Structure formats: C-alpha cells, structure tokens
1. Say a label goes 7 Å from Cα toward Cβ at B:GLU417 in every copy; what distances in nm does this one have to the rest, shortest first?
2. Could you check the spin-label model distance between B:ARG280 and B:ASN222? Points 7 Å from the Cα along Cα→Cβ, value in nm.
3. Please list log₁₀ I(q)/I(0) at q = 0.11, 0.14, 0.16 Å⁻¹ for the range B:280-411, using the Debye equation with identical point scatterers on the alpha-carbon positions.
4. Plugging the Kirkwood radius over Cα pairs into Stokes-Einstein for the range A:242-330, at a temperature of 37 °C and a viscosity of 0.692 mPa s, what D comes out in µm²/s?
5. Enumerate the residues in the range A:89-103 having an amide nitrogen under 17 Å from the point lying 7 Å beyond the Cα of A:SER5 toward its Cβ.
6. Whenever you get a sec, compute what percent of the accessible area on the protein assembly as shown sits on carbon and sulfur atoms (1.4 Å probe).
7. Give the accessible surface of the range B:165-457 per residue, rounded to a whole number of Å², with probe radius 1.4 Å and ligands, DNA and RNA excluded.
8. Where does the charge balance sit around A:ILE218 when Lys and Arg score +1, Asp and Glu -1, over other residues with C-beta under 14 Å from its C-beta?
Protein chains: 2
Amino acid sequence: MFDASVYVQRRKKLKEKLGSGLVLFMGNEESPMNYPANPFHFRQDSSFLYFFGLDFPNLAGIIDIDNDRDIIFGDDLTIDDIVWTGPQPTIAERSAEVGVSETQPFSDLEEKVKSAGNVHYLPQYFHALMIKMESLLGIHPNKLNENASVELIKAVVEQRNIKSEEEVREMELAADIAYEMHTYAMRATKPGMVESEISGKVEGIALSKGPGVSFPVIFTINGQTLHNHYHGNIMKDGDKIINDSGAESPLHYASDLTRTYPVNGKFTPEQKEIYEIVLRSQLEAIEAIEPGKMYKEVHLHTAKVIAEGLKEAGFMKGNLEDAVNQGAHALFFPHGLGHMIGLDVHDMEGLGEDYVGYDDTVRRSDQFGLAYLRLARKLEPGNVLTVEPGIYFIPELIDMWKSENKLADFIDYDKVEQCRDHGGCRIEDDVLVTDNGKKVLGMPVPKTVADVEAECAK
Amino acid sequence: MFDASVYVQRRKKLKEKLGSGLVLFMGNEESPMNYPANPFHFRQDSSFLYFFGLDFPNLAGIIDIDNDRDIIFGDDLTIDDIVWTGPQPTIAERSAEVGVSETQPFSDLEEKVKSAGNVHYLPQYFHALMIKMESLLGIHPNKLNENASVELIKAVVEQRNIKSEEEVREMELAADIAYEMHTYAMRATKPGMVESEISGKVEGIALSKGPGVSFPVIFTINGQTLHNHYHGNIMKDGDKIINDSGAESPLHYASDLTRTYPVNGKFTPEQKEIYEIVLRSQLEAIEAIEPGKMYKEVHLHTAKVIAEGLKEAGFMKGNLEDAVNQGAHALFFPHGLGHMIGLDVHDMEGLGEDYVGYDDTVRRSDQFGLAYLRLARKLEPGNVLTVEPGIYFIPELIDMWKSENKLADFIDYDKVEQCRDHGGCRIEDDVLVTDNGKKVLGMPVPKTVADVEAECAK
C-alpha cells in the first residue's frame, strides 16, 4: 500500500469537502463462485481502497466528520482461522499502516451507524453488502442506491479523477504488465490454435505479475462484437485478432490496452487499409489531448478522421462535417473514444458514469454512438483516460441501417456489403493528461503495421 | 453440453423421487468484481448445470412435477445487446438442446412461482438471487436458506453423488489439465522466483485449456497454512512448495490435485523423511478404497499409517491405536482425508456438507481433526473423491498443544520443537470408486521422490 500519510490526506480532503456527517465505506467480502466457501479472487472495493487502503475482506471504514474520527471495523483471527489461513497482523496493526488508530469489532458497526444522524454512503453493487446494509440503515436492497449520497459521490469523483504521482506510477506498472500480455499474444498466436490457448495465457501473465486482469479479456477473431468474451474459435490463416486486455498493478490500479493483429503475422491489403485509418485516428486523438480541451471534442475530431479515411476507402461519401454531426460514422465506430481509468478500468462507473465523465457544462447526447461516450468533460492535469477508436463491420447493424436506408447520403451501402465480413479493428492506449500535454503510459506496445508484423514474427 | 437425453433423464429421475410440487432452480447471474458491469468469469450454478445444462447467465428452470412440465425462463437479446455481445441463438433454440421445449420470458417467473403451492428450492449462496427470490417467495434473504427443501437437497445429493460414465470422462479431462498445471510448476520453479510467477502461470494453463481453476490456487512455501492464498513469497533454496490446484473441464467438472516438491529440485533428507510417510499413507489410502467401505475407516487407517511413520521418525510415541483414537495425529494431520468432487470441487458443499458426506449410519465427530472430515459415509460405485493426507508443523498449534501438555503420552514435544519450521507436505489425487475397486483419474502426476525430482530437473 501507499504510505499512511497518503490515506490520511485523502480522508482529510474528503472531510473538508463534505463538512459534516458520517461517511460509511463498506469493504467487500469474498465473492462466492459456486458455493459459499469457494470464492473468486478477492477484489476490495475501489473507494474503500482509495480511502482506507486495506486489501482484505470483511471490513468497514467510518469517517466521522463531526468528531474528526476515522474508524476501521473488523475482526481478528481465531486459532482455528490461523490453522487454515496462517497468522496475520491484527486489525489494529494493519489499520495503523493506513493512518487509522481507532478500530472496533465489526459487530459494533451497527450501533455506530444507527446512532448517527446523517449517513453518507456510495451506491453499492455487492449484493451481500446490500443485504447487510439493510440492517444497518433500514433500507431495502432494491431502494439502497436511490438513497446514496450524491454529495459524497461528487466529492469522491472529484478526488479520484485527479491521479497523484504515486498513482500514476502504479498505472505505469499496470500498463507494463499489459505490454507483456500484448506482445506475448502477438508472438504466440498461430493459425490453427484456439483463441483460449492464447487468452488464457494472457490472463496468466496478469496473474503472475500482479493481482490479475482488470476486466474480462476480450480476445477474438470476431472483433465486430464489441464485448466478445467467447474464446472458443479456431484462429485461421487470414483472420485477425482483437486483443483488448489489461492488468491490475499490485495496488489494483488498472490498465486497458487494445491491439489488432493478423493471426498469420501479415496484414492482408484490406486489413491494412482499415488498420491504417484506425491508427491515424488514434494518433491524432492522442495528439489532440491537452488540459482544458473537452474530450467530447477529441471524440468528434476522431470520428471525423475515421470518416475521412472511410470516404477515401469508398465506404462513406458526402459532406463529412454533416456526416459526423448526424452520426453516420457510428455505423462503423459505434462507441465512445474512451473513458477515465484508475482503480476501476471504467473508473468509478459504479458511482454513475455521468458524474465521472460529464458535468454541468456538457450533457450526454442521445445520438446512437455518441450516447455511448463515457467521457465528455473538460480534461484536467492528472486525468488518466483511454483512447480507443475502432472500425467495425457489424452485420446485424448494417442490415438494420440498410433496411431503413439510414443516412444514405453518407454511406455507400453497396461497398459496405462487400466488406460485411471484415470484422473489427481497434487500437487503445492509456493516456495521462499532464500540465502541458499528455503522456502515454507504459512501455510502448507495437502499433504501426511494420512494428506489429515484426513482433508477430518474433 | 451433454446430449439432451442426459438432462431429460436427470429431471425425470428427480420428478420420480420427489413425486409432487414445483422445483425452482435459479441460474446464476454475472458476479461483479468492482462495479456492476465488470464481472468475474461467469460461473453457472452447479445444480442448474446438472439439470438444465445451459451455461449462460440470467436463467431460471422450473420442474413442475404435478403437470410434468419443464420450463426455462430467460430473455432473448435486443439489437443493442447484439452490437455489444454478438448474435446468439434464442432461448428456445438453446433450451431445445437440453431437451426443454417450453420457454417463457424471465418476468413470467414470478407469476409461475406465486401460483404454485409447494415450491422446492435449494440453499442459495448468490446474494443477488437471494434478493430476487425475496420477491418471488416473500422470504427475507436472511431466512431463505432455513426454508430450503431438505427433500430436494437429499434427492439432488443422491443423484449427483453417483457419477455417470460421461461425467467421469469430463472429470478425466479436468484431471488431465491439472496434470499440465502440476508438471509445469515442477519444471518452472527455481530459487529466487516469487510464488506468483508460477501460480499465475498455473492458473493461466487452466484458463487456456478450459474455463479456469476449480478453486483458488494454493501455491506456497508455507504449506503449514492449510488454505494459504498468499503468493508473494520469494522461493528460496531449501524451501519446498505445496501446489494444491485443479481445473474445470469444459462442462465445469472439477479436478483437485496436490503435489509437494523442492524449490531447488532435490528433497533434503528431512523433507524426504516426511514426504515418504505422506506418500506411503496416500498410497495405502487409495489401496483401501472399495465399494461398501466407510470412508471414515479409510481416513482412520491413513491416520494410523501417518502415526506409524511419525513414531519411526521420533515425533510420536506410545500405543498408536490409542493415539489415533484420541486424535493425537491431528497435531500433524489436522484435516480430513478427502471429500466428494464433481461439478463443485467440494461437491455440493453449498447444499450442506453433512448431507453429502454423512448419512444416518455415521455422524460427524467433534474431535479436533476428525471434525474436519468432509466425507465419512459408505462408498458406492460412481463416487469420486479426493485422497489427500498431509503432515504439517503448524507453530501456533504446536505452541497451544504444548502449553496444555496435550496428549503428551503420544507426542515427543522436544523432537517436534526441533522441526517446528519444517512447514507442510500434502499429496492428493482424485479417485473414482468402481464396481470392484477404484481408479485414479487423469494422467499420473509424478509422485515418488525419484519421479518428482526427475520432473523438476526437466
């Protein structure tokens, strides 16, 4: 974990922002896989990690602003626990490491919460805790999140959206693990293998160098399916792979990288044509990032670059300014350019995406494609975000648009039909907004056609 | 999945056993890691898999015994879903593959359940479902499991405890993946590496050859801690590793193997002395397995073999019959010899361990050590179980027993003190009870000292 002073400062800042009340952070429990005692890898709640740093289950943290007390609730091990799970420092010893001097048994939490007037808590996603919180707060699980504290959400987002130097160092570590995952995949993929033979090993690298992947690995020859978690296809000569995967750093900061590469190591001319458009758009997007710029503006600029490339290639036509305004590019690029990233890969998505990526100056569009943009607000130094344009040929979407003759002034449906099986292509890096520009995090994973082909040939 | 007739037969058998009522099987949902849309690997509920076979989230299965109807409740994809997750067969098409011709939207489940008189359901561990079941059944999540149907539990256990030929084939596949995991670890481990460098790759092998590990990997130089999930130690010359890990087969049947091996590839004389005792006890335990034998008897026989070895080595003394009766061996061998294994690694533990491993003829002991025996009942052909004796030097337990001078007629505490840092040693295989004996599942992982050292040297 970070030095105790980091957590003390974070809690202090939160207290100053909120001014009064009692703030309750529930730490996660183990999450059962197929019966209670067989859990998935333990993952602590990110906001609990941010303010209290302790990375083990069955804790709660209280910030009692009015009495300026920080308290950790948790239980020490019994001798039976020690036989099965080994000796551990006490809750008091571990709490001291994050600058908390007051600890109480978990069973004391209920009285503490019930005796408080104004309890701030964040929206919950962990259902075992929702059931527990019902007895603490008297609110049914189904009603819990609508009573979460908007004031607390906004204060937490404001703090977590700006990454400190020590956080950026962790995110560089996470990106470096992703470098290993992506370059391994390029080298190891061969025609005739099943996707899972590579995707499983890619996840193994994340587990061998840190806590594991930061999100379910997307590794597929069918990249036109945006969130494809099926890994059972045989990879054939002429196919290309979208590998969208990232790792957690030791302190659970995320990376999220995507590369697209040919299974046999050589792009076909058609693959190369699309790849070069995506690459140009991604490089221009990164180039455009700077403090004070709206990310929505960067997104729309990227959409324009993609539309230009697709016009040159014959898939789009007409006035591209109008095409992008009306969302015609979204047939090919139906998602947003990127999202904040930090302790969560979609940072703080569980607190409400619009609190994180939008603010009073910019509201979410309801246009298809733009509506999926997770981050639109003005960029500030310390923001870390993904830049991940892509071009996809999604047969079901093509059929739907074509049947409506949708935006036909801008789309050459005959040309699109010829390539309906082209699949998908996406390139993604993680970028820090600095005081005067930007920095791509981690060791650079091969990205030009030449560099990708060279890595595949190794 | 298996052929549709397998699932039809399983449901038919259950109907005949229960005779009347409505049986509700909830399929699992995605399990969130750190926010709702970032899930762990999806794992279907094992009993749902057993009776309905479908391996994707957000389903429920009903067996309406009185009207002889099997129904699957679930929702087809929208076009938005298809863009993000790809086209999929309909619920009706997928249900047909498991022999269910009747499907309904998920929202119809509530009416179906509410209109039924006698609803049988199994104990739940998935909290999101517990909250949903509150609205179906009107039972608070905290009260849900005490109202689960004991009749249903017993019927399900009776069926799942006997593995059919096609199930055994899957379990062989799971054991073969574990073979890869264990032999890789022996070959790749070198002094100076961190445990996670190997344990992460071991998990990667499970993910590359199937759905993943069947339980959290235990891979540690501190094998005296029985369920040690910390993988951050540097492995040093002279250390030994306990690797307790297993995989799921494509259809989610589990394997669970343990090997103990020296980090530098050569056992020390002290390590070898203990290892040979554990090996002898494990081979004798396997030898003793046959239909009609109580597994408790096999456990006690194994404890006796361990006690004999420890007496020869000077750690135990006195009359060994009495020593085992009084549980003196449990200072070194504090856990049970094994457990049922199938779709769950501790098969059906979530339904109640005593329903699975005990019956009217044998009750769980409360003696330290023996109390942890998960399987005691009479063995039947088709049972698959683990055989996993071990010897551990647990400093906290030694200190406690010694301070009480506990069972001092049988234990030489001075000798034990000399070896208090010896660590742990365990050897485990998965064994099928056959009509006239037993069969160890999967390719044989090196087990003799010579074979283990030879694998480490590869």
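The values are calculated or read from the model by the stated rules, or taken from the named source; none is laboratory data. The model shown is predicted, which means the values in this text are computed figures rather than measured ones. Backbone-built Cβ (ideal geometry, glycine too); neighbour counts: all protein chains shown. These area figures cover heavy atoms from the full protein model, side chains too; ligands, DNA and RNA do not enter into them. Shrake-Rupley method; radii C 1.70, N 1.55, O 1.52, S 1.80 Å.
1. Taking the point 7 Å beyond Cα along Cα→Cβ, the inter-copy spacings are 9.0 nm.
2. Result for the modelled spin labels: 3.1 nm.
3. Log10 of I(q)/I(0), two decimals: -0.39, -0.63, -0.80.
4. The estimated diffusion coefficient comes to 218 µm²/s.
5. Of the residues in the range A:89-103, A:97-100 have backbone N under 17 Å from the label point off A:SER5.
6. Using a 1.4 Å probe with all protein chains present, the protein assembly as shown comes out at 48 percent carbon and sulfur.
7. Ligands and nucleic acids excluded, the result is 35 Å² per residue.
8. Overall, the nearby charge balance is -3.
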